[in-house]
1. Is it fair to say R99 is assigned by TED's automatic domain parsing to the domain that holds P128, more than 16 Å from the ligand (Cβ to nearest atom), within 30 Å of L177 (Cβ to Cβ) and basic (K, R)?
2. Among the residues of the range 151-183, how many are in a helix (DSSP H, G or I) and modelled with pLDDT under 95?
3. Among the numbered criteria (1) over 18 Å from the mean Cα position of the chain (by Cα); (2) under 28 Å from D223 (Cα atoms); (3) of a type in the set (D, E, K, R), which single criterion is violated by E170?
4. When you go through (1) surrounded by 14 or more Cβ atoms within 10 Å (Cβ to Cβ); (2) among the aliphatic types (A, V, I, L, M); (3) modelled with pLDDT of 95 or more one by one for V186, which number turns out not to apply?
5. For the range 117-142: of the residues being surrounded by 17 or more Cβ atoms within 10 Å (Cβ to Cβ) and part of a strand (DSSP E or B), which is farthest from the ligand (Cβ to nearest atom)?
6. Would you pick out the residues in the range 149-164 that are out of contact with any strand residue (DSSP E or B) (no Cβ under 6 Å at 6 or more places or on another chain) and in contact (Cβ under 8 Å) with a residue 24 or more places away in the chain?
7. Against the definition (small (G, A, S) and under 24 Å from the mean Cα position of the chain (by Cα)), how does A83 come out, yes or no?
8. When only residues in the range 30-75 that are β-branched (V, I, T) and not in a loop (DSSP other than H, G, I, E, B) count, which is farthest from E117 (Cα to Cα)?
Amino acid sequence: MTFAATILTLYPEMFPGPLGQSLAGRALSEGRWSCDPVQIRDFATDKHRSVDDTPAGGGAGMVLRADVIASAVDHALDSQPEAPILAMTPRGNPLTQERVRALAAGPGVTILCGRFEGFDERIFEGRPIEPVSIGDYVLSGGESAAIVLLDACIRLLPGVMGAASSGDDESFETGLLEYPHYTRPVEWEGRTIPEVLRSGDHAKIAAWRKRQAEIDTRLRRPDLWERHEGARVKSPSGAHDKKKER
Ligand code: ADE
């Protein structure tokens, strides 16, 4: 099955962009996913082909018009009704690995790329459009965010990465960051690979990796750590909970 990506954008020439290279590029030429950029401006109705207007209530910048965006979305819905529609915006729901997995397991995705100050909010009211953010920073447009989202999905498609992408200990799959990696040379700039990784003792190695993942997550991502610890305490199989239930 081909994962069909339709991208509604004012810059269709930005696609597939970097996704035409390397792993995603190979998957594209193998037909594992398809890339269909659609020019939003083609849905403008006035003689100037305008897609934006000044913000109601005043303020800087321009806002993407609801009527033009809705026509573009309806066109995508007609051609791919079963694909979820995501609008890339810094005001969106944070993208997670869990959401990426669910998307990659589906038929494809329609991605609406924002520009300027964003979309007229009314587009989210009458149509099943999910606002999505890739992080707490502002990009110049949704196109690079769409590329990030697609990259995360494509590597999970069957046959794209094989075993490497289904690893249960990959970052976020366990609710933690992944453990650190090392390779030869054993000594570099006076630093050596941790002894345990050269011991051949798989149980010890697994325990060390788990510990490192916990340490790094606690230090770098206290938000993830808190959620992980909360889930552990609340889990029905967790000792804490059993005690509480008695
Ligand atoms: N457009 C601009 N910034 C963005 C972000 N952080 N995520 C998704 N789309 C965006």
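1. Working: assigned by TED's automatic domain parsing to the domain that holds P128: yes; more than 16 Å from the ligand (Cβ to nearest atom): no; within 30 Å of L177 (Cβ to Cβ): yes; basic (K, R): yes.
It is false that R99 is assigned by TED's automatic domain parsing to the domain that holds P128, more than 16 Å from the ligand (Cβ to nearest atom), within 30 Å of L177 (Cβ to Cβ) and basic (K, R).
2. Final tally of qualifying residues: 4.
3. (1)
4. So V186 meets the others, but not (1).
5. The extreme case among them is I129.
6. If the condition is that a residue be out of contact with any strand residue (DSSP E or B) (no Cβ under 6 Å at 6 or more places or on another chain) and in contact (Cβ under 8 Å) with a residue 24 or more places away in the chain, then L149, D151, A152, C153, R155, L156, P158, G159, V160, M161 are the ones that fit.
7. Criteria met by A83.
8. Step one: of the range 30-75, the residues β-branched (V, I, T) are 38, 40, 45, 51, 54, 63, 68-69, 73.
Next, only the ones that are not in a loop (DSSP other than H, G, I, E, B) stay: 38, 40, 63, 68-69, 73.
Details: V38: 20, I40: 16, V63: 5, V68: 16, I69: 14, V73: 19 Å.
My answer is V38.
The values are calculated or read from the model by the stated rules, or taken from the named source; none is laboratory data. Worth saying up front: this structure is predicted, and the values here are computed from it rather than measured. Counting neighbours? That spans all protein chains shown, and the Cβs are built from the backbone with ideal geometry, glycine included.
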